[in-house]
Amino acid sequence: MRHREMSGQATDKLWAIQNRHPGDREGLFAATAELLDGDRVLYPGSYVDVAASFVFPDVTYVDSDARAKRFFADGSGVERIVAANKRYGGPSRFTFIHADYGSDLGFPGEGFDLLVSLYAGFVSRACKQHLRTGGLLLANNSHGDAGMASIDPDFELAAVVEKRDGAYRPSTQSLDRYLIPKRNERVTAALLQRMGRGVAYTRSPATYVFRKASG
C-alpha cells in the first residue's frame, strides 16, 4: 500500500508540473476535436501530457523519456487523472509505448485519425505512415514541424488554431495568409533540420492543422 501511495504521489507531481497552465492543453485539443472525424490519436513525444485523453477516448502515447515510462506505469494513477477531467462518456483507452517515435512501433499502416506534433521534432516525417488518408496532423512550429509539413506533398493545410483571450478557436478561413516566411527565404527540409526550429512566419497561430492528402 505504501509503495502505491508513493507511486501515486509521483504521478500527481509529474502531472502538476506538466499542467502548470491548467486547462490550456485541454483547450487546444478540444478546439482540434471540432475539426476531426474520428477518435484514434497518436501522440509521439508526448512526455506525460495526458490532456489528450481528456478530449479523445483512444490515445496512444509514445516517448523515450524514463520519467514518462514511470508515469504511465502507474496505470491507476493516470486513469484517475483522466477520469476526473474527461469530457466524454464511456471508457478511456490509453496506451503508452516507451520508444523513440522514429523507430518501428509495430503499428499497422494508417491506423490513426489524428497525429499530434507538439515540441517534439519532426513527427510529421517520422510518423505520417501511421496516419490514415484524410486524417489530421496537429503541429506547432516551435521545432519546425509545421514548416516541414507545409513543404511535404503528403500534407495540405486544412485549418489553424488561434488563441485569443485565453481560448483556442479553429479557423479554416483565408488559409493562404499563413505559412508565409517573414524573410525572403525558401523553406526546405535541409534548412529546418539545420536550424532545429521553425522559421518566422508573417502570421503565427498557436498551431496548424494539416490533412493527409490522398495519393
### Summary
Filter the range 162-215 for residues that are of a type in the set (V, I, T) and over 19 Å from A33 (Cα atoms); the one that is surrounded by the most Cβ atoms within 10 Å (Cβ to Cβ) is V199
### Query
Tell me, which strands (runs of 3 or more DSSP E) wholly within the range 116-177 include 1 or more residues that are aromatic (F, W, Y) and in contact (Cβ under 8 Å) with a residue 24 or more places away in the chain?
155-164, 167-171
### Check on R197, touching a helix residue (DSSP H, G or I) at 6+ places or on another chain (Cβ under 7 Å), part of a loop (DSSP other than H, G, I, E, B) and either within 16 Å of A31 (Cα to Cα) or of a type in the set (K, R) (or both)
no
## Note on the structure
Scanning the range 84-132 for residues that are among the β-branched types (V, I, T) and under 22 Å from M148 (Cα atoms), the one farthest from the chain's Cα centre (by Cα) turns out to be V123
### Query
Does L192 satisfy the criteria of being assigned to a strand (DSSP E or B) and not charged (D, E, K, R)?
no
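Laboratory data are not the source of any read-out in this text; all were calculated from the coordinates shown. Worth saying up front: this structure is predicted, and the values here are computed from it rather than measured. With ideal geometry, Cβ positions are generated from the backbone for all residues, glycine too; neighbour counts draw on all protein chains shown.
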